[in-house]
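Visitor: I have a structure I would like to understand better, so I am pasting it below and will then ask my questions one at a time.
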Amino acid sequence: MMKKIGISLLSLFTFLFFASSAFAVTGEGAARLITTTKHTAIQGTLTIPSAWNVSNDGSYIAFYLGLGVVCEGGISFKPSTGWNKFLNCGGGEGSASNKTAPLTVQPKAGDTISLKLVNNLNDTATLYVNGVAAYTNLPVANAGALKAATTVKMVHSTLDNQDKNSYTNASFSNVLVQSQSGGSYTTFPTNISPDFPLGGKGDYVINSSNPLGTTLKAGK
């Protein structure tokens, strides 16, 4: 993850070496599975982790599905708001393309929540939580970005301002993709391994690689 202080060249070398091993630092981190093939929807079941701990300073943990780099929708946790449902299609916090709200019923460790994210192919997306539309026809911030099928992804991520966030055994299961609007759903491609787009490898223990299951370790 990215260190948020100035460092010397020697410190930079040390940081880069240890960031690739088992050490965690403050910033953002994620574990992700993303397809190379293009799809119009993705759905799956999230198991809420146990023993979660998140700093009450704007930090969060999040578990979501995504349509390429255009829209991301799922579940997040902040101490100030609890567990939230969100759909972010760009535009910044509070914009018409970025919505979040606390879940009416706050889940417990081990509870399961079904998620489905649909590309409506008209520059909007819809997120379903437990079979109910949470955000319908949310517009993308960049016109033309969601007119066709995209790659899709499942992600576990964190924003960790103090290097203290942690949880145990979050997982996706029964992850399916749709190759064309109105078509049948098939299993998420199996020939994909997790990557760490925000440098989160040192913090994440991969419990299952596909579908994605992780444990997040706090810094020592």
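The values are calculated or read from the model by the stated rules, or taken from the named source; none is laboratory data. Being a predicted model, the structure only gives us computed values, none of them experimental. Reconstructed Cβ throughout: ideal geometry from the backbone, glycine too, with neighbour counts over all protein chains shown. When the accessible area is computed, the model is the full protein with side chains, heavy atoms only, and any ligands, DNA or RNA have been set aside. Shrake-Rupley method; radii C 1.70, N 1.55, O 1.52, S 1.80 Å.
Visitor: Any chance region 115-137 includes a residue that's under 18 Å from the mean Cα position of the chain (by Cα) and closer than 30 Å to GLY219 by Cβ? Walk me through how you get there before you give the answer.
Guide: Looking only at region 115-137, we keep the residues that are under 18 Å from the mean Cα position of the chain (by Cα), and these are 115-119, 125-130, 134-135.
Keeping just the survivors that are closer than 30 Å to GLY219 by Cβ gives 115.
Yes - at least one qualifying residue is present in region 115-137.
Visitor: Looking only at region 202-216, count every residue that is part of a strand (DSSP E or B), in contact with a Pro (Cβ under 9 Å, 6 or more places away or on another chain) and surrounded by fewer than 21 Cβ atoms within 10 Å (Cβ to Cβ) and tell me the total.
Guide: Looking only at region 202-216, we keep the residues that are part of a strand (DSSP E or B), and these are 204-208, 213-216.
Okay, now just the ones that are also in contact with a Pro (Cβ under 9 Å, 6 or more places away or on another chain), so 204, 206, 214-216.
Those left that are additionally surrounded by fewer than 21 Cβ atoms within 10 Å (Cβ to Cβ): 206, 215.
Matching residues across region 202-216 total 2.
Visitor: If you don't mind, another one. Is it the case, given these coordinates, that THR136 is over 24 Å from THR187 (Cα atoms) and buried (at least 20 other Cβ atoms within 10 Å of the Cβ)? Step through it out loud before you land on a result.
Guide: Working: over 24 Å from THR187 (Cα atoms): yes; buried (at least 20 other Cβ atoms within 10 Å of the Cβ): no.
For THR136, the condition - over 24 Å from THR187 (Cα atoms) and buried (at least 20 other Cβ atoms within 10 Å of the Cβ) - is not met.
Visitor: Among (1) at pLDDT 95 or above; (2) under 14 Å from the mean Cα position of the chain (by Cα), where does ASN207 come up short?
Guide: So the condition that ASN207 fails would be (2).
Visitor: Is at least one residue of region 145-160 touching a residue at least 60 places away in the same chain (Cβ under 8 Å), of a type in the set (A, V, I, L, M), buried (at least 20 other Cβ atoms within 10 Å of the Cβ) and in contact with a Pro (Cβ under 8 Å, 6 or more places away or on another chain)?
Guide: So far as region 145-160 goes, yes, one or more of its residues are touching a residue at least 60 places away in the same chain (Cβ under 8 Å), of a type in the set (A, V, I, L, M), buried (at least 20 other Cβ atoms within 10 Å of the Cβ) and in contact with a Pro (Cβ under 8 Å, 6 or more places away or on another chain).
Visitor: Here's another thing I want to ask about it. Please work out which residue is farthest from VAL118 (Cα to Cα), limiting yourself to region 89-106 and to residues that are hydrophobic (A, V, I, L, M, F, W, C) and out of contact with any Ser or Thr (no Cβ under 9 Å at 6 or more places or on another chain). Explain how you work it out, then say what you get.
Guide: Step one: filter region 89-106 for residues hydrophobic (A, V, I, L, M, F, W, C), giving 89, 96, 101, 103, 105.
Then keep just the ones that are out of contact with any Ser or Thr (no Cβ under 9 Å at 6 or more places or on another chain); that gives 96, 103, 105.
Numbers: ALA96: 17, LEU103: 20, VAL105: 23 Å.
Looking at residues that are hydrophobic (A, V, I, L, M, F, W, C) and out of contact with any Ser or Thr (no Cβ under 9 Å at 6 or more places or on another chain), I get VAL105.
Visitor: Right, something else. Quick check: is even one residue across region 177-197 aliphatic (A, V, I, L, M), within 23 Å of ASN120 (Cβ to Cβ) and open to solvent by 30 Å² or more (accessible area, probe 1.4 Å)? Walk me through it before giving the result.
Guide: Narrowing region 177-197 to residues aliphatic (A, V, I, L, M): 177, 192.
Applying the additional criterion that residues be within 23 Å of ASN120 (Cβ to Cβ) yields 177.
The next check asks that each one be open to solvent by 30 Å² or more (accessible area, probe 1.4 Å); those that pass are none.
No, region 177-197 contains no residue that is aliphatic (A, V, I, L, M), within 23 Å of ASN120 (Cβ to Cβ) and open to solvent by 30 Å² or more (accessible area, probe 1.4 Å).
Visitor: Name the residue, out of THR104, THR112, THR124, that is open to solvent by less than 50 Å² (accessible area, probe 1.4 Å) and β-branched (Val, Ile, Thr).
Guide: Details: THR104 fails: open to solvent by less than 50 Å² (accessible area, probe 1.4 Å); THR112 fails: open to solvent by less than 50 Å² (accessible area, probe 1.4 Å).
Criteria check complete, one pass: THR124.
Visitor: Do you know which residues across region 52-101 are over 16 Å from the mean Cα position of the chain (by Cα) and surrounded by 19 or more Cβ atoms within 10 Å (Cβ to Cβ)?
Guide: SER97
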